[in-house]
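*Asks:* My questions all concern the structure below.
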Amino acid sequence: MYPHLARFGPITIPTFGAVAALGLVLAILLAARGARVMRISEDAVWNLCLFTAGGTLLLSRVVIVVQVWKAFLHYPLYILTLPTVTRFGLLLALLCGVVYMLFKRLPWLRTADAVAPAILLLQGALHLGTLFSGDDLGAATTSPMGHLIRADDGYHPVALYSAVLSLMAAAVAFAWLHRESQTGETFGLSLTMAALIRFFIDEFRPTYVLPDAFVGGFLRIDQLLLTLLAAAGLCFFFTRGKRLEQGAHYAQ
């Protein structure tokens, strides 16, 4: 595909990084718009997004350095420029985001509703960047879908599937945000769609990249977890009632 967007002498701009950065900017703008719809502080949501995004990059680097500290001593610049976002780094960054929400006293469900479509948008951008970089190769197939992407000829373009479905889910979630009847519906809808998208897309990935541990001989552990997440998201629709949080503006 196109792993490098441009070169300026010794400096190379990776396509994945450029697409991810653009997706992050658009996601933050969408989250700010969502904050306006949910009548919470746009500045606080801006800061929350920037704080979490910056924390993800920084803490992921810290986790990588800790894991490969011997290699870091010999090749510090190479290790620090790795484009990897680690799971532990993401978990720690989300924890920092929770601390920020507590510090600013942001309403939990209203904030989750505001940022949920933005997260789906960012997820779609990351998958799109993966498509351009030529990563995330799907399982082999003889169907016409295996010939959509020339570089992935003969394989399912799972990155394309994920990007399209995630962007469609972001559009649906943002549209629902304007019509939800109780707090938490958009968040629940987004969680359900994200889980179902991952469940569906994994069916087109090679078996060797998926967990081989099954529960009851029927579902893989990751499939069971995704099913539980989808069910948890649907719970926000079946629990009816009035909004518990009133729309008040939160100062910076």
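The values are calculated or read from the model by the stated rules, or taken from the named source; none is laboratory data. None of the values given here were measured: they were computed from a predicted structure. So basically every Cβ, Gly included, is an ideal-geometry build from the backbone, and we count neighbours across all protein chains shown. For the accessible areas, the whole protein counts, side chains as well, though only heavy atoms, and no ligand, DNA or RNA atoms are used. Shrake-Rupley method; radii C 1.70, N 1.55, O 1.52, S 1.80 Å.
*Asks:* Residue separation times 0.36 nm, minus the C-alpha to C-alpha distance between R205 and C235: what's the value?
*Replies:* The span from R205 to C235 would gain 7.9 nm if fully extended.
*Asks:* Non-local amide H neighbours of R220 (under 5 Å, H modeled in plane, Pro and chain starts lacking H): which ones?
*Replies:* Answer set, sorted by chain and number: V215.
*Asks:* Follow-up. Rank D153, D202 by accessible area, highest first, at a 1.4 Å probe radius? All intermediate terms of the calculation are to be shown ahead of the outcome.
*Replies:* Numbers: D153 85, D202 5 Å².
Most to least solvent-accessible, the answer reads D153, D202.
*Asks:* For V99 paired with I221, estimate the spin-label separation in nm (one decimal), with each label point 7 Å from Cα along the Cα-to-Cβ line.
*Replies:* So the two model labels end up 2.9 nm from each other.
*Asks:* Just subtract the alpha-carbon distance of L58 and T141 from 0.36 nm times their residue separation and send over the number in nm, one decimal.
*Replies:* Numbers: separation 83, 0.36 × 83 = 29.88 nm, distance 3.88 nm.
Difference between extended and current length: 26.0 nm.
*Asks:* Let me check something: with ligands and nucleic acids excluded, how do T142, T15 order by accessible area (1.4 Å probe), largest to smallest?
*Replies:* On the way: T142 140, T15 10 Å².
Order by accessible area, largest first: T142, T15.
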